[in-house]
Amino acid sequence: MPLAPDSERQLQILYAGPGLSGRTTTLERVREQLARTREVTLEKLSLGLADLKGQGRGGATLVEVRFSLPCVEPAAYRTTATTVEVVLRAEVGNLYRKPFEEEFARSADGFVFVMDSQTLRREANLDCLEHHRTWISRAGRSLNTVACALQYNKRDLPDIDSIAVLDGELNPDGWPSFPTVARNTVGILAPLDAVLAHHGLPAVERPA
């Protein structure tokens, strides 16, 4: 297979989680941090189902962040690219829509699962992970072979589960997991770094 040209090297990472877990807040704060050290674009895209060749009615708004990283070992990716375009996506509102789930399950190179640390959100967290396992399995893939990281958000709130409890319930596969407070930007770059490292890419530069 010939090496791919520069324009074809892209890494897509989906930020997923139950409602109100903070996935879009995370993405917006990640963009703010990245923008202090590099050129970053952020878009809110209104998509109808036809945009993803889906069936039925309705649409969604996607938050999309794009930036570039150096490709340390181009030959490993069968590409001549010296940089990789990283695309981070999160859907605003309801994530459980069949056409979008099918597209993300096929195309995502990695997932950051933004989980809600509050005890009352245990079931919602479990449902979210099971939902994504189902769609990824239907796409002929497995979360065991896709780069994944867990982000335990809202660590500043009362009535939250410990990290040990969250890992015990949500992380049987031993994915990298990180405590965060997205609204205050605490810890939000670490899950992204973990997914990038899985693909042999460097950690994003921190602002001074």
Output for segment 172-205, where each listed residue is within 12 Å of the chain's Cα centre (by Cα) and either of a type in the set (V, I, T) or over 20 Å from R38 (Cα atoms) (or both): I188, V195
Of all the residues that make up segment 143-159, how many are loosely packed, with under 12 Cβ neighbours inside 10 Å and modelled with pLDDT under 90? 2
Considering only residues of segment 191-208 that are touching a residue at least 40 places away in the same chain (Cβ under 8 Å) and not aliphatic (A, V, I, L, M), which is surrounded by the most Cβ atoms within 10 Å (Cβ to Cβ)? P191
Taking interchain pairs and intrachain pairs at least six residues apart, which have beta carbon atoms under 8 angstrom, with the first residue in segment 171-190 and part of a loop (DSSP other than H, G, I, E, B) and the second among the acidic types (D, E)? T185/E32
Taking the condition at pLDDT below 95, assigned to a loop (DSSP other than H, G, I, E, B) and within 25 Å of L69 (Cβ to Cβ), does G200 pass? yes
If we scan segment 134-146, do we find a residue that is in contact (Cβ under 8 Å) with a residue 40 or more places away in the chain and either in contact with a helix residue (DSSP H, G or I) (Cβ under 8 Å, 6 or more places away or on another chain) or over 18 Å from V30 (Cβ atoms) (or both)? no
Scan L49, L45, L3 and give me the residue that is surrounded by fewer than 18 Cβ atoms within 10 Å (Cβ to Cβ), touching a helix residue (DSSP H, G or I) at 6+ places or on another chain (Cβ under 7 Å) and modelled with pLDDT under 80. L49
Being touching a strand residue (DSSP E or B) at 6+ places or on another chain (Cβ under 8 Å), farther than 19 Å from E102 by Cα and hydrophobic (A, V, I, L, M, F, W, C) is the filter here, so list the residues in segment 11-45 that pass it. L20, L27, V30, L34, V40, L42
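The values are calculated or read from the model by the stated rules, or taken from the named source; none is laboratory data. Just so you know, these numbers come straight off a predicted model, no measurement behind them. Note that each Cβ is placed from the backbone with ideal geometry, even for glycine, and that neighbours are counted across all protein chains shown.
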